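These notes are about the structure you will find just below.
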Amino acid sequence: MLERLFQLKAHGTNVRREVVAGITTFLTMAYIIVVNPGMLEAAGMDYGAVFVATCLAAVIGTLIMGLWANYPIALAPGMGLNAFFSFTVVGSMGYSWQVALGAVFISGFLFFLLSIFKVREWIINSIPLSLRFGISAGIGFFLALIAFKNAGVVVDNPATLVGMGDVRVPEALLFFGGFALICALAFRQVTGAVMIGIIAVTVIAMMLGLVEYNGFVSAPPSMAPTFMQLDLAGAFNVGMISVIFAFLFVDLFDTSGTLIGAAQRGGLLDKDGKLPRLGRALMSDSVATMSGAAMGTSTTTSYIESTAGISAGGRTGLTAVVVAALFLACLFLSPIASVIPPYATAPALLFVAVLMTSGLKLIDWDDVTDAAPAVVTALMMPLTFSIANGIALGFITYAVLKALAGRWSQLNISVVIIAVIFVLKFIFLDAA
């Protein structure tokens, strides 16, 4: 049955190798089951319900990816977009988390339509590389700011906007120690480095009496506080257009980049360098996002950590099925997840930030019309506490600079249209 479903022999693999690969992928991304509920709790959502929604969204998306698309790619609520959900859409813009879930659902539905009508390639290919790198780096900086804030290292300051917190307290010291441990383990290529760092900080915090142990296994928490609580009507508010676009835009590029990168690592591309069954893979992502929003979590996306499992030999959807099974088992680990403090997950956020900002090295720094928009995009995300604002100002800067520099050949119509839409948004919506 497994051979018929996943074509193991044709992909040069076997059941044992796929199982090991699935366990490897799970260990590298398991941190999301404790990080995501903590992030969305800041938006006023119930921690236990989000914990269950996180696990189930990962199970649904990863199973579809494995059984239908037959790829060793795992999905879960994405980092960056969960921060945008809590701290920008709910925190800064003042929308309810129910409306934010509605926006996530709509973005997932639009992603589904783009996958069906095959316009995704046009969108992806029309966006300049410099802006893509700037968006990735900006999300990284945004996560880094949240990490330092959660650890109490960066605090608000009336005179300078931000300032240094008390780095002598145990929480800050554990944060720095956890980050150093994760980086060291990652450098040594230790599987599950991020999760090991989170657990180590939590255990030390328990020993110091900073957190209280509440058990290890229990029945899953109720999902009633978030299940089907999304507000679709509220999400159709005109002010939510840029939010929906940001959710869609980031998910589209994050998923596409992850799929191509993971496929290249595993030799899964065809002779023309294209990914077979790309439509199925993208629809797996969009269905998972809509399902996740209905259950109570932010955008679900493909995880680059899947390359860890691919490096361990995973080549088929059986790897993804193993990951889904492990996420399902995690539903019974809510007691241990609930005691993990924010300063234990903050090192994971900062480590992910380091990985996401690495794309800055690929920008053409000798061409200021490419470099400047990327820098504006990257810096404005943390400084305005909004991924959407960073994307908007990046597009506007790119279009204006290319036009003034006479680089019309590098300025395609889609970029101009998007830039004009963002200008109109700032003039009419933000001024209202």
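Any chance you could count how many residues in the stretch 1-41 are open to solvent by 30 Å² or more (accessible area, probe 1.4 Å), within 30 Å of SER96 (Cβ to Cβ) and touching a residue at least 60 places away in the same chain (Cβ under 8 Å)? The total comes to 1. Quick check on ALA205: is it crowded, with 17+ Cβ neighbours inside 10 Å, within 30 Å of LEU173 (Cβ to Cβ) and either of a type outside the set (Val, Ile, Thr) or touching a helix residue (DSSP H, G or I) at 6+ places or on another chain (Cβ under 6 Å) (or both)? Against the criterion (crowded, with 17+ Cβ neighbours inside 10 Å, within 30 Å of LEU173 (Cβ to Cβ) and either of a type outside the set (Val, Ile, Thr) or touching a helix residue (DSSP H, G or I) at 6+ places or on another chain (Cβ under 6 Å) (or both)), ALA205 qualifies. Against the list (1) under 26 Å from CYS183 (Cβ atoms); (2) not in a helix (DSSP H, G or I), the condition ALA353 fails is (2). If you go through the stretch 55-97 and keep only what is among the polar types (S, T, N, Q) and either open to solvent by less than 10 Å² (accessible area, probe 1.4 Å) or in contact with a Lys or Arg (Cβ under 8 Å, 6 or more places away or on another chain) (or both), you end up with THR62, ASN70, ASN82, SER86, THR88.
Among the residues here, PHE105 does not qualify as within 20 Å of THR345 (Cα to Cα) and either crowded, with 16+ Cβ neighbours inside 10 Å or touching a Ser or Thr at 6+ places or on another chain (Cβ under 7 Å) (or both). For the stretch 300-311, the criterion of being open to solvent by less than 10 Å² (accessible area, probe 1.4 Å) and closer than 23 Å to GLY44 by Cα is satisfied by at least one residue. Being exposed (fewer than 14 other Cβ atoms within 10 Å of the Cβ) and without any contact (Cβ under 8 Å) to a residue 60 or more places away in the chain holds for only one residue in ALA200, ALA184, and it is ALA184. The criterion of at least 2 residues that are farther than 30 Å from THR88 by Cα is met by the following helices (runs of 4 or more DSSP H) wholly inside the stretch 1-62: 2-6, 15-29.
The values are calculated or read from the model by the stated rules, or taken from the named source; none is laboratory data. The structure displayed is predicted, hence computed values, not measured ones. Ideal geometry is used to build each Cβ from the backbone, glycine not excepted, and the neighbour counts take in all protein chains shown. Only protein heavy atoms, including side chains, enter the accessible area calculation; ligands, DNA and RNA are left aside. Shrake-Rupley method; radii C 1.70, N 1.55, O 1.52, S 1.80 Å.
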